[in-house]
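The values are calculated or read from the model by the stated rules, or taken from the named source; none is laboratory data. Everything numeric here is computed off the predicted structure, so don't read it as measured data. In this analysis, Cβ positions are derived from the backbone assuming ideal geometry, glycine residues included, and neighbour counts consider all displayed protein chains. Each accessible area value is taken on the protein alone, full model and side chains, heavy atoms only, with ligands, DNA and RNA left out. Shrake-Rupley method; radii C 1.70, N 1.55, O 1.52, S 1.80 Å.
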Amino acid sequence: MKTVGAAEFKARCLRLIRQMNRDGEPLTVTNRGRPVAMLSPLPEKARSASIIGAMAGTVLAYEDPFAPAADPSEWASLR
């Protein structure tokens, strides 16, 4: 695992992230020699996943889309 100091990480952040993406090796950021953060590349599946359509097929039944989500007698008003 590659280790880099916080000051160097700050100065070369984008370059280090691109290199991590290419070689797939996690990166540990240290502050005064103590590990403070770890960056790791996303798995290939997560890189290509899209949020669009991610919830498709999760609603099993919804009979009345215009009905209130809760009974109106349970509603609290700010009077």
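What to note about this one:
- The chain, accessible surface, carbon-and-sulfur percent (1.4 angstrom probe): 58 percent
- The modelled label-to-label distance for the pair Q19/A37, using points 7 Å beyond Cα in the direction of Cβ, is 1.7 nm.
- Calculated mean residue ellipticity, 222 nm, the chain: -9000 deg cm²/dmol, from DSSP H runs (n ≥ 4) at -39500 (n - 2.57) each, averaged per residue and rounded to 500.
- Simple Cβ-charge dipole of region 1-76, Lys/Arg +1 and Asp/Glu -1, about Cα centre, in debye nearest 20: 1100 debye
- The local environment of N31, defined by Cβ-Cβ distances under 13 Å, has a net charge of +2 under the rule Lys, Arg +1 and Asp, Glu -1.
- The chain, relative contact order [Cα under 8 Å, separation at least 6], %: 22 percent
- Multiplying the residue separation of F66 and T28 by 0.36 nm and removing their Cα-Cα distance gives an extension gain of 8.6 nm.
- Compared with the dominant principal axis of the Cα atoms in the chain, helix 6-23 is inclined by about 80°.
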